[in-house]
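Take a look at the structure set out below.
The numbers here are math on the coordinates, done by the rules we state, and not lab data. Since the structure is predicted, the reported quantities are computational estimates derived from the model, not experimental observations. Reconstructed Cβ throughout: ideal geometry from the backbone, glycine too, with neighbour counts over all protein chains shown.
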Amino acid sequence: MHKKLIRQLEKQGLSADRVPDHEQWRVFLDEVSARYRTLSRRVKRLERTTREQLGSFSRLEETLQSRLEAILYAFPDLLILLDEDGVNLEILAGDRDILYRPAHKMLGRRLDEIFEPEQARVFMEVLRRALASGQMEILEYELDIRGEKRHFEGRVLPAGYELGGKRTLLYLARDITDRKESEAQRRLLDNVLDSANEGIVIVAPDRRVLYANEAVARITGYSVEELMSAGEGFLRHPEDQSLCDEVCAIAHASDHFSREIPLHHRNGGTTPILLSLNTIRNAAGAIEYFVGVLADVSEIKKTQQQLEHSATHDVLTGLPNRLLFEERLTHLIPRAQRERRTGAILFLDLDRFKMINDSLGHGVGDELLQMVASRLMGACRGQDTVARFGGDEFVILVEDCAGSAQASAMAEKILAVFREPFRVQSYDLNISTSIGITLFPQQGRQAEQLLKQADAAMYAAKAAGRNGYRLFAREYLESAIAGLTLENELRHAIEHEEFELYYQPQYSLSSGRISGFEALIRWNHPQRGLVMPGAFIPVAESVGLIDEIGLWVFQQVCRQVVDWAQKDLDFGRLSFNLSQRQLMETSLADMFMTLLEGTGALPHARRMECEITESLIIKQLDVALKTIHRLKETGMTLAIDDFGTGHSSLINLKRFPLDRLKIDREFVRDIGRDKNDEGIINATLALAQGFELEVIAEGVESELQKAFLKEIGCHEIQGFLMSEPLPAAEAERLLRETLSK
């Protein structure tokens, strides 16, 4: 730019490198208006002067005009001359790229011909206000410039002279889009900072708070104004002064400080805060300010504690879990060894809990477990640990135990707390437990080893009849290993269908012919050969595999019934046994009905008979009764197996929809030797006659037994005297031979 032009700008207090502020524009526009008024007056005077004077004035006017245009075009803002009707008279200066319309489409046109009606109306109101007040008017507006939204600031000032008899105005338009965007970003940043959960603070080297968001005020209890009013720092509480000195010293010495601190609130109490402070230095290395972030970690710590508790405690009962138990046991074993003391582990498993859980629902089962946990805690000392390992397994760690005698006394005490029924919802549940005991360090010094020993002793207690305890002996562990091996083999047998049904014929004493068969399961073990049910059914029941085996048995019975019926063989009936667990399964009848329909056995259901052991029914009578009645609805007949060995037999005969009684082999075995057994058999026949039930005796192995039973009126018998259980093909051959006679 020319030096003279620069000097002209400087005279006006302006610069070609800097956009003028509001006041500078006002002064500048006043100067422009004054120049135009001066020129106008001079024109009038010069009209009366000589031609030479007029020429001289023209040259002066051209010079002034050139200088004025140079000044105007030195700025990017758009300057337009308007008349009082809003007609665009002239674009005096500025960047024409920011015009709403091309220049040739704006000159000589009114504002309402250029802009939208509402926009034009606003512009005209501003023009009228400026003319009325004689002062500068300012407005902000938005325009769509070539598809881009742009923000503008308009300044309107009366020019002070007329053209064509109309007053004129100068209109200065400035593009403020960048400024608007900066302001929007600043507001967004302010909103983000104020809405942040973390406190954010900027501190000068002399501890003056230069900035603090609302979270800092919430955390400290001091308002933002209070924090920024004096140079006391943001660690304002008197009890935090030593901490403040320490933080400042570290921050001055290094570029970062991060630590959890107990920050005192203005109204009392402390809050755990994670404070991170970064030191901001200039190019020379001098500290300009510190930026701090304060995070309230009280909820995080609470959550962390809850997670730690959940990781080490049982959710249902609140007792320590296996992880915490083993940790305590691992620490206790070497201490007991050093101090020559004895500790004990009592491993508890509730007897028949799964039956309750399956029949009455998990809600009842969960409440029962909570009540068991409460009773166990009440039976133990404060220093002992009662833990739940999951399911119905509880383990007690007894510290400072005076040997096996005290451990046994502890077990007796625990057994006693189970003698009182557990009242859960509307049920009075009588439940017992089996307990295994091992001592340390005498019987082991590894947590895993000791727990295996206690577990093995517990299974020995179950095998001995439940509701008792056993001290660990080496043979228990061997038995437990054998049991685990058998369980794994059973799972393999189910998967690979290694089971087979054998059929033992039943005979009518009046006709001597086959009246039915009883289906009995056998296991074709790949190494052991044929395994009898007594060797694996108890294990299957204890580990929960009996349900799958029971359904397999019923499915095979259905298929056999259909096969013999299609061959037109009069096999009488085909009976099968139900386990206790199956009776407690409320959906058993639905599953059986599905299999009856799926195998085509439903039309022959009346020729199928469920044998139920009476002693199993009375464990959960109400549940068992519902299952029995629903089974009866399928069309199958029902028999009580081992009649007379259970309890409340007369009541059960009245309640159950029975078709047949089966006299237990225990009574049949001593016929001819024990008058009591013979009396029981006679009484059973009399009862059956009164209830109009058929009677069959099992375990008949001699002609004497057969003759006695026939003489007193027993209807049917089965046993080795007539036939042992046979594979399906042999049973069918025997049936055909009998039918052909």
Exercise for the section: Measure out, as a whole number of angstrom, how far apart the alpha-carbon centroids of the range 406-424 and the range 306-366 sit. Expected result: 17
Completion exercise
Long-range share for the chain, i.e. C-alpha pairs more than 37 Å apart as a percent of all pairs, stands at 68
Problem - Extension gain (nm, one decimal) between Thr586 and Arg445, 0.36 nm per residue minus Cα-Cα - result: 46.2 nm
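Over the range 684-741, what is the relative contact order in percent, taking alpha-carbon pairs closer than 8 angstrom and at least six residues apart?
Working: 38 pairs, mean separation 18.3, N = 58.
Reported relative contact order: 32 percent.
Just want to confirm a number: the relative contact order over the range 490-740, from Cα pairs under 8 angstrom separated by 6+ residues, in percent.
Working: 413 pairs, mean separation 50.5, N = 251.
Across the range 490-740, relative contact order equals 20 percent.
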Problem - Karplus-derived 3J(HN,Hα), 6.51/-1.76/1.60, for each residue of the range 396-409, Hz, glycine and proline x - result: 10, 9, 9, 8, 6, 8, 7, x, 5, 5, 5, 4, 5, 5
Handout entry: Helix 117-133 axis, angle to the chain major axis (alpha carbon atoms, nearest 10°)
Key = 40
Problem - the chain: calculated mean residue ellipticity at 222 nm from DSSP helix runs of at least 4, using -39500 (n - 2.57) - result: -14500 deg cm²/dmol
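Could you give the length gained on full extension between Leu595 and Thr485, defined as 0.36 nm per residue of separation minus the Cα-Cα distance, in nm? Spell out each step's value before the answer.
Numbers: separation 110, 0.36 × 110 = 39.60 nm, distance 3.13 nm.
Here the segment from Leu595 to Thr485 would lengthen by 36.5 nm.
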Exercise for the section: Tabulate in residue order the Karplus-calculated ³J(HN,Hα) for the range 703-718, using 6.51 cos²θ - 1.76 cosθ + 1.60 with θ = phi - 60°, rounded to whole Hz; enter x for Gly and Pro. Expected result: 5, 4, 4, 5, 5, 4, 5, 5, 5, 8, x, 5, 7, 9, 9, 8
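Taking a quarter of the surface of the convex hull around the Cα atoms of the range 313-472, what do you get in nm²?
Details: hull surface 34.1 nm².
With the hull built on Cα positions only, its mean projection is 8.5 nm².
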Exercise for the section: Identify, among Gly444, Val315, His265, the residue whose Cα sits farthest towards the positive end of the charge dipole of the chain, taking +1 on the Cβ of Lys and Arg and -1 on the Cβ of Asp and Glu, with the dipole about the Cα centre. Expected result: His265
Completion exercise
On the formula 1/(1 + (r/R0)^6), with r taken between the Cβ atoms of Asn197 and Glu393 and R0 of 45 Å, the FRET efficiency rounded to 0.05 is 0.55
Problem - Entries of Lys675/Lys706; Lys632/Lys654; Lys105/Lys180; Lys662/Lys710 with Cα pairs more than 25 Å apart - result: Lys105/Lys180
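Relative to the present Cα-Cα distance, how much length would full extension add between Leu163 and Leu530 at 0.36 nm per residue of separation?
Numbers: separation 367, 0.36 × 367 = 132.12 nm, distance 12.47 nm.
Result: 119.6 nm gained on full extension.
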Practice task
Write out the GluC sites (Glu not before Pro) in the range 496-601 meeting two conditions: DSSP loop, and at most 13 other Cβ atoms within 10 Å of their Cβ.
Solution key: Glu497
Fill in the blank from the handout: Here the FRET efficiency for Ala463 versus Glu299, based on Cβ atoms and R0 = 45 Å and rounded to 0.05, is 0.30
Completion exercise
Under 5 Å from the placed amide H of Asn577, counting only residues 5+ away or on other chains, we find Glu611
Exercise for the section: Can you tell me the relative contact order of the chain? Whole percent, Cα pairs under 8 Å, sequence separation 6 or more. Expected result: 6
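Pick out, in residue order, every one of the trypsin sites (Lys or Arg not before Pro) in the range 434-466 that is DSSP loop and has at most 15 other C-beta atoms within 10 Å; say none if there are none.
Working: sites: Arg445, Lys452, Lys462, Arg466; in loops: Arg445, Arg466.
Loop-located and lightly packed - Arg445, Arg466.
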Problem - Within the range 569-590, backbone nitrogen closer than 18 Å to the virtual label 7 Å beyond the Cα of Arg606 toward Cβ - result: 569-575
Fill in the blank from the handout: Check: C-alpha center the range 467-521 vs C-alpha center the range 231-250, spacing in Å is 78
Problem - Residues whose placed amide H lies under 5 Å from that of Leu263, excluding near-sequence neighbours - result: Thr271, Ile273
Completion exercise
Tilt, helix 22-46 to longest principal axis of the chain (alpha-carbon atoms), in degrees rounded to tens, equals 30
Practice task
Compute the acute angle (0 to 90°) between the alpha-carbon long axis of helix 322-338 and the principal axis of greatest extent of the alpha-carbon atoms of the chain; round to the nearest 10°.
Solution key: 70
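Arranged from highest to lowest average of other beta-carbon atoms within 10 Å per residue, in what order do the peptides 428-437, 602-611, 340-349 appear?
Details: 428-437: 20.3, 602-611: 18.8, 340-349: 22.4.
Final packing ranking: 340-349, 428-437, 602-611.
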